[in-house]
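Working notes, beginning with the structure itself.
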Amino acid sequence: MSVQLSQRFDVIVVGSGAAGSIAVKELTERGLEVLLLEAGPDISDADFAPLPPEPVRPMGIGLYPRAKAAVLRRQPIQVRRAFFSEKTSPFLVNDLQNPYSVKGQDFLWVRGRQLGGRLHSYGRVLLRSSDYDFDGGAGRERGAQRWPLRYADVEPWYDRVEEFLGLYGNTDDVPILPDGKYIGASSLTAAEHDFADKTRERWPERRGIAWRYAAPNPQRVPLGILAARRTGGLTTRTDAVVRQITIDDRTGLADGALFIDRVTKREHRVFADIVMLCASTIESVRLLANSGSSRHPNGLANSSGIVGRYFMDQTPSLLFGDTHRFPGWEDDTSAPADAYYGAAGGLYLPMMEGFAADSPFVGGYAVQGVLGRIPVPTGHPGAVGMMGFGEMLPHKENHITLHRRRTDAWGVPIPRIHVTLTENEKALLREQVRGMREMAENAGVRVNFAGSTLGLDSKRVFPDADPFSRAIFRASFTKSLAIGAAIHECGGARMGDDPATSVLNPFNQAWDVPNLFVTDASCYVTNGIVGPTLTIMALTARACAHIASEHAAGNLTRHRAGTVAE
């Protein structure tokens, strides 16, 4: 039996992470009354009590902390992630309560459920996409659909978000990485400078730049939520596991949501003029699929049959090593220190090399690395960690569905993730690993391992480790570098110009349900080499301006003939 909350809101926003936190700010600052629903608990200062410094332990090295976390927090999947940390583990889900199913290629779903979502566990790297991405990226070589907008459409919203968050970065003049608005410069360590210089000496087209990243947030609650609270127009309901978006049978418009209290497991119903999904890619697709009705028999907003289709991540690869030329580690003081997480920063290398006539693949990849930043004992060689993020092409066969029998701890059908790597992705992964090793060795780095979900490129790993740890590492490596390890999943509710081939219009508005908007990365058409977080935020801000204008005109609260699927 459901319990109804009396107030009707202008907008319900589902999810409080990158998209949701920006959405509530933009909407409330435009005068709308907003209800924010977050599946996880609220946060407090106690959640961020400083911990002793910890070294980064790659997979299988330092087994005890991982095993302990898996048992105590019930996180057998979350602890597989490449850069395990005791600091971020509490902000990731209990896997036993939040299962998912995989068909085809293994998929590692790293996710958080609390106020702020994965903003408490991401690396704060925020990069703009370019017209390379919006024109379809490498997918255009294979006839992939282009985005229904261009960089010029999103540029002012990038500006707005960056100026609000406060980013550190430099004017680099790299065409595929448009420059942004920064409050201060970011920097490289001596080891990173040396790596970038030696790389460019040998490969002039490979230009390394310093990370562009958000300033730390000592208030912990996402800045967008804090801004929304100051307007007086935000109501927040944590511990609200949304099960379904509800539809008014008379108009065909969304009229609210059903959610289950995470603690009491009691069902509640809430009402609004507009519903905005910001729950993260897989969760938003899951909600659309679980919100079917007589008007929407194949799932909400799915008259095209595209909901769940063209799901992507980026192809992840990893290299770890050390450099005797740069012993110890440097403390980066470019941005204010963070008492809980420490400093951000590192080296970023875009690698657009998969377009030669004789290339075995199309697409590019980026290398995001840290050299001489990881704390090591005095006198030890500097630590080197590099992760590759490759461009995964959109394929209709890669999709998300609902499991027919299994549910989570709150009775909601779990997602089933169907992912298979094509020969293009496999060739790209092999090139990522080869390229990272070649650049590392060119810069004098001793490589301890390099590999991807296809395996390690050498049996010689961690020469200083004991044989048991090396054996466990080799056995577990591919699981930790499965697709999903990049944590840049996207697609499944793509935007477009044609309702027959897309779910959303260019303003993230559902073709079938005009008062339903989806602004997380499920709206992605293609996935390039940069992380999606900043673009998610910019597209959300842009959609919110559209929502406020259309709501004021009354266009989102009445049925318009021909716009709602019958």
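The values are calculated or read from the model by the stated rules, or taken from the named source; none is laboratory data. Computed from a predicted model, the values in this text were never measured in an experiment. A quick note on method: Cβ atoms are made from the backbone with ideal geometry, for glycine too, and the neighbour counts reach across all protein chains shown.
Observations
- Qualifying residue in the stretch 171-192 (condition: of a type in the set (Asp, Glu), in contact with a Lys or Arg (Cβ under 9 Å, 6 or more places away or on another chain), part of a helix (DSSP H, G or I) and not assigned by TED's automatic domain parsing to the domain that holds ARG309): yes
- Taken over the stretch 337-352, residues that are assigned to a loop (DSSP other than H, G, I, E, B) and either hydrophobic (A, V, I, L, M, F, W, C) or modelled with pLDDT of 90 or more (or both) amount to 7.
- Scanning the stretch 24-45 for residues that are part of a helix (DSSP H, G or I) and either surrounded by fewer than 24 Cβ atoms within 10 Å (Cβ to Cβ) or not assigned by TED's automatic domain parsing to the domain that holds ALA543 (or both) turns up GLU29, ASP45.
- Filtering the stretch 353-365 to residues that are in a loop (DSSP other than H, G, I, E, B), touching a Phe, Trp or Tyr at 6+ places or on another chain (Cβ under 9 Å) and crowded, with 19+ Cβ neighbours inside 10 Å leaves GLY354, VAL362, GLY363, GLY364.
- Scanning the stretch 97-117 turns up no residue that is part of a helix (DSSP H, G or I), farther than 26 Å from LEU456 by Cα and either modelled with pLDDT under 90 or in contact with a helix residue (DSSP H, G or I) (Cβ under 6 Å, 6 or more places away or on another chain) (or both).
- Pairing each residue of the stretch 462-474 that is of a type outside the set (Phe, Trp, Tyr) with any residue that is surrounded by 16 or more Cβ atoms within 10 Å (Cβ to Cβ) and assigned to a helix (DSSP H, G or I), provided the two are 6+ apart or on different chains, yields C-beta distances under 9 Å for PRO463/ARG470; ALA465/PHE473.
- Selected residue (criterion: farthest from GLY346 (Cα to Cα)) from residues of the stretch 181-199 that are among the aliphatic types (A, V, I, L, M) and surrounded by fewer than 17 Cβ atoms within 10 Å (Cβ to Cβ): ILE183
- Residues in the stretch 304-329 that are of a type outside the set (D, E, K, R), outside any strand (DSSP E or B) and within 27 Å of the chain's Cα centre (by Cα): SER304, GLY305, ILE306, VAL307, GLY308, TYR310, PHE311.
- Any hit, the stretch 342-361, residues being assigned by TED's automatic domain parsing to the domain that holds TYR122, charged (D, E, K, R), under 25 Å from LEU393 (Cβ atoms) and touching a residue at least 24 places away in the same chain (Cβ under 8 Å): no
- Residue count for the stretch 303-327 under the criterion of being buried (at least 24 other Cβ atoms within 10 Å of the Cβ) and among the polar types (S, T, N, Q): the result is 3.
- Residue match in the stretch 546-563 (condition: touching a Cys at 6+ places or on another chain (Cβ under 6 Å) and either in contact (Cβ under 8 Å) with a residue 60 or more places away in the chain or part of a loop (DSSP other than H, G, I, E, B) (or both)): no
- Filter pass, ARG160 being surrounded by 16 or more Cβ atoms within 10 Å (Cβ to Cβ) and within 24 Å of GLU353 (Cβ to Cβ): no
- Only one entry of ALA561, ALA552, ALA500, ALA548 meets the criterion of being surrounded by fewer than 24 Cβ atoms within 10 Å (Cβ to Cβ) and modelled with pLDDT under 95, and that entry is ALA561.
- When the criteria are applied in full, ALA366 meets the requirement of being within 26 Å of GLY166 (Cβ to Cβ), touching a Pro at 6+ places or on another chain (Cβ under 6 Å) and at pLDDT 95 or above.
- All of THR246, THR251 fail the test of being assigned to a loop (DSSP other than H, G, I, E, B), touching a residue at least 40 places away in the same chain (Cβ under 8 Å) and assigned by TED's automatic domain parsing to the domain that holds GLY20, apart from THR251.
- Conditions (1) surrounded by fewer than 19 Cβ atoms within 10 Å (Cβ to Cβ); (2) over 19 Å from GLY345 (Cα atoms); (3) out of contact with any helix residue (DSSP H, G or I) (no Cβ under 6 Å at 6 or more places or on another chain): number failed by TYR151: (3)
- Applying the condition of being in contact with a Leu (Cβ under 9 Å, 6 or more places away or on another chain) and among the charged types (D, E, K, R) to the stretch 168-192 and asking which residue is farthest from ALA443 (Cα to Cα) yields LYS181.
- If you go through the stretch 507-539 and keep only what is more than 13 Å from ASP313 (Cα to Cα), part of a loop (DSSP other than H, G, I, E, B) and touching a Phe, Trp or Tyr at 6+ places or on another chain (Cβ under 9 Å), you end up with PHE507, ASN508.
- In the stretch 233-269, residue surrounded by the most Cβ atoms within 10 Å (Cβ to Cβ) [restricted to those that are among the small types (Gly, Ala, Ser) and closer than 19 Å to GLN7 by Cβ]: ALA254
- Checked against (1) assigned by TED's automatic domain parsing to the domain that holds GLY354; (2) at pLDDT below 95; (3) of a type in the set (Gly, Ala, Ser), ALA138 meets all criteria but (1).
- Taken together, the residues in the stretch 366-375 that are farther than 15 Å from ILE209 by Cβ and either surrounded by fewer than 24 Cβ atoms within 10 Å (Cβ to Cβ) or under 18 Å from the mean Cα position of the chain (by Cα) (or both) amount to 2.
- You will find that of TYR151, TYR122, TYR132, the residue that is assigned by TED's automatic domain parsing to the domain that holds CYS523, of a type in the set (Ser, Thr, Tyr) and closer than 24 Å to VAL14 by Cα is TYR122 and no other.
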